């Protein structure tokens, strides 16, 4: 399979698995699985293959910053969702992502470990803002364009970032990689179909999964160029999964 074909096939397959899990086991599980590096891991792998390991390692640092912007977007949504309409809450999340990403990437320039610590603080706060609703799995049937839209958005992000990487550079490519194109459709449809509490379940699950994403990037940062590329990605993905899976069995 060529690299282009892999980009087009692998990402939609992962997206389909997450969407199916959300429909079968509910918003929290769907959000948790969508928080895994399902788009960012393929992007990073393609960057390493096409641009080199050092580029991918530098991009991982940028992704730690991007993950902070994503966490700020979740926080903005969690604060606004119980008080305003869905469109306004999502708009607040988008503004938080853009503003946070710009400040963190272009103004503050925190080091990777300082940024990682900030990520953890914001993610813990978001989880505190999103208590489990305890709602049963919803039975509402999504519109026909739901799944194709999700698959297309996730695939487009992977293709665009990996294609434009030589022009964006490693830092900005990394910042864009964690954009939650999988989580946000789940959040919106959970809100429309079931209510605010269900959408906050998706946010909570996505942030719980983001701990694994953060571990994935930090492990890549430390291992790419130090050990074989296959082992670096194997260890990073394994660490990510190891941190996320316990959330499936622990209800807090």
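The values are calculated or read from the model by the stated rules, or taken from the named source; none is laboratory data. Remember, it's a predicted structure, so these values are computed and weren't measured experimentally. Glycine gets a Cβ as well: all are built from the backbone with ideal geometry, and neighbour counts include every protein chain shown.
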- Query: Condition test on residue 8, is it at pLDDT below 75, surrounded by fewer than 24 Cβ atoms within 10 Å (Cβ to Cβ) and either farther than 22 Å from residue 214 by Cβ or in contact with a strand residue (DSSP E or B) (Cβ under 9 Å, 6 or more places away or on another chain) (or both)?
  - Reply: yes
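Search segment 40-72 for residues being without any contact (Cβ under 8 Å) to a residue 60 or more places away in the chain and within 19 Å of the chain's Cα centre (by Cα), and hand back the single one that is farthest from residue 195 (Cα to Cα).
Keep residues of segment 40-72 that are without any contact (Cβ under 8 Å) to a residue 60 or more places away in the chain, which gives 49, 52, 68, 72.
Those still in the list that are within 19 Å of the chain's Cα centre (by Cα) too: 68, 72.
Working: 68: 26, 72: 22 Å.
Result: 68.
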- Quick check: anything in segment 186-193 touching a residue at least 60 places away in the same chain (Cβ under 8 Å), over 16 Å from residue 43 (Cβ atoms) and exposed (fewer than 15 other Cβ atoms within 10 Å of the Cβ)? yes
